[in-house]
Amino acid sequence: MTSQQSLPHRRTAVRPPYKVKFKSSLPLGGVRSSRVANYFNSQKIHKYWASLIARYGPIVRLVNPGLAPIVGFTSAEDCEKLNRITMEQPVRMPLASLKYLRDNWTDDFFEKRGGILVENGDEWWRVRSRVQTTLMKPMVVGEYVAEMDDVALTFVDRIQELQDKHGEMPENFQEELYKWALESVGVVALDRRLGCLGAPEGSLKARQGEELINVVNNLFASMAVTEIKTQLWRLFPTPSYRRLRVNHYKLLDLVGQHVAETVAFLGQGKDKSVAGRQNSVIQTLLSTPGLTQKDVLTFIMDIVFAGIDTTSHTMAFCLYLLARNPEAQKKLQKEVDEVTAGHQGPLTSKHLARLSYTKAIIKETFRIFPLTFGFARTLLRDVVLQGYWIPAGYNVFSLNILLGWDASMFPRPEEFLPERWLRDRPMGDIHPYASIPFGAGPRMCVGRRVAEQEMYTLLTRVASRFTVEYHHEDLEQLSGLVLYPSRPLKFSFVPR
């Protein structure tokens, strides 16, 4: 629908945007809003959105003084429509503080080319069109199954080392999941095992891994403030913006060291990657026409940045759901036993292809505990959503985090039922836009295949060795740049 086509419709049947029920997201006129303060302080922004939808209906306008209005809605059909009409120019709400930082980098390293995380338009597509041809090919990502499997095996060995006499994990078990995620994404993005998972405490490898993880966590924490709360950093360098800047410098330096090692290795004229492949991801990217070495370093840095918290938090929620649903866990173990029966070596892509129930478990985990709020776009032209005319310039997003719990989308939404995702759809068809954890369209997460392969591999190895239990208070989600577990992951792993 073009804006010209929408105007007659607007006059006769479509309601204007100011009719959308709205809530100011910040106190106005100096009046403190305890309700708004609570939603920031409690780190439960997703529940705040749920309360707005419950109060005002399936579409809500959120007003931020000085910024473009945000419209949130709960409709899979309109989510599909939003993707379709923005397909050719998919402009996403920018990570404004990160883009500002890169645009104003001290030595102009980025040269106003901030990478696919922060850019839109032609500059975004210049990089995206080149990196996706490598990273989204199943055959390319499949070459890393054996190395990811080696990381997973190290992780299950680490579980045995960490268990107390009752088989329970220590309170900092999330840190081990961070190390697993870093090691896993490292074999693809950095073409090497970093060696931090399972390294002796205090060793160089352990310290290097912990430093990189801490930097990434600090970046996420800083950006949760600069992006979600008041944006005073636009006026002066706030403490959160300064923390963002310091940790971004560290991340660029740490990742840059690893990339430099790989570049030096390739510069020796050897015809294989560090891990022995003929063409690794980083080697392919470095030789891709149209990508500079700075482009590749920025992309690798962003893959590492985005690849630690996301997969580790998803696996934390997945293990929790399995512990709370023993029948589903038994089905998982049965499938894993059948697929890997008699096999002693590393897992292969053929093994992963047969793990239909395992994949369904990951999908059901994303439905119940998604890591992001939903699918977002900045409108370049007028659109009609939920019967309202929404003008160009608005930031609009589908609240898929709420759709996952909608009984009209998912029967018995409060139950953990991986079966709903199996090929024959025993619980009925699922709208393709009801749950889109990796986004959709041209801006779908470029690391999707890497993340899925990491999780399938780890889940397979954990299920083959242990039964997971959890004997503590319910695990919930807290809001940050991505959502994360509310309490320590004190799982018990019972050997099979």
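Side notes on the structure shown:
- The condition of being more than 22 Å from the chain's Cα centre (by Cα) and surrounded by fewer than 20 Cβ atoms within 10 Å (Cβ to Cβ) does not hold for Pro94.
- Residue in region 97-128 that is surrounded by the most Cβ atoms within 10 Å (Cβ to Cβ), counting only those that are more than 25 Å from Ser398 (Cα to Cα) and β-branched (Val, Ile, Thr): Val127
- Qualifying residue in region 365-373 (condition: closer than 25 Å to Arg448 by Cβ and in contact with a strand residue (DSSP E or B) (Cβ under 7 Å, 6 or more places away or on another chain)): yes
- Unmet criterion (only one of (1) free of Cβ contacts under 8 Å to residues at least 40 places away in the same chain; (2) in contact with a Leu (Cβ under 9 Å, 6 or more places away or on another chain)) for Phe491: (1)
- Residue list for region 446-487, restricted to those being surrounded by fewer than 17 Cβ atoms within 10 Å (Cβ to Cβ) and under 12 Å from the mean Cα position of the chain (by Cα): Arg448
- Search result, residues across region 386-427 that are exposed (fewer than 14 other Cβ atoms within 10 Å of the Cβ), on the phi < 0 side of the Ramachandran plot and out of contact with any Pro (no Cβ under 8 Å at 6 or more places or on another chain): Ala392, Ser408, Pro411, Glu414, Glu415, Arg423, Asp424, Pro426
- A count restricted to region 389-416 and to residues that are in a loop (DSSP other than H, G, I, E, B), touching a residue at least 60 places away in the same chain (Cβ under 8 Å), aliphatic (A, V, I, L, M) and out of contact with any strand residue (DSSP E or B) (no Cβ under 7 Å at 6 or more places or on another chain) stands at 2.
- Qualifying residue in region 228-237 (condition: modelled with pLDDT under 95, more than 25 Å from Tyr320 (Cα to Cα), in a helix (DSSP H, G or I) and under 24 Å from the mean Cα position of the chain (by Cα)): yes
- Lone qualifier among Leu194, Leu190, Leu204, Leu219 - being at pLDDT below 95 and over 21 Å from Met455 (Cβ atoms): Leu204
- Cys445 meets the conditions (1) under 30 Å from Asn218 (Cα atoms); (2) outside any loop (DSSP other than H, G, I, E, B); (3) out of contact with any Asp or Glu (no Cβ under 8 Å at 6 or more places or on another chain) in every case but one. The failed one is (2).
- First in region 58-69 and more than 21 Å from Asp406 (Cβ to Cβ), second anywhere and hydrophobic (A, V, I, L, M, F, W, C) and surrounded by fewer than 16 Cβ atoms within 10 Å (Cβ to Cβ), Cβ under 8 Å, 6 or more apart: Pro65/Leu28; Pro69/Val63
- Filtering region 483-495 for residues that are among the basic types (Lys, Arg), within 25 Å of Ala50 (Cβ to Cβ) and modelled with pLDDT of 95 or more leaves a non-empty set.
- Residue among Glu171, Glu161, Glu183 that is surrounded by fewer than 17 Cβ atoms within 10 Å (Cβ to Cβ) and assigned to a helix (DSSP H, G or I): Glu161
For (1) over 28 Å from Gln283 (Cβ atoms); (2) free of Cβ contacts under 8 Å to residues at least 12 places away in the same chain; (3) not charged (D, E, K, R), each residue gets a yes or a no:
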{"site": "Val185", "(1), (2), (3)": "no, no, yes"}
{"site": "Leu190", "(1), (2), (3)": "no, no, yes"}
{"site": "Ala199", "(1), (2), (3)": "no, yes, yes"}
{"site": "Ser203", "(1), (2), (3)": "yes, yes, yes"}
{"site": "Phe236", "(1), (2), (3)": "yes, yes, yes"}
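- Test result for Arg443, under 16 Å from the mean Cα position of the chain (by Cα), more than 26 Å from His351 (Cβ to Cβ) and touching a residue at least 60 places away in the same chain (Cβ under 8 Å): yes
The values are calculated or read from the model by the stated rules, or taken from the named source; none is laboratory data. All of these numbers come straight from a predicted model, not from anything done at the bench. We place every Cβ from the backbone using ideal geometry, glycine too, and count neighbours over all the protein chains shown.
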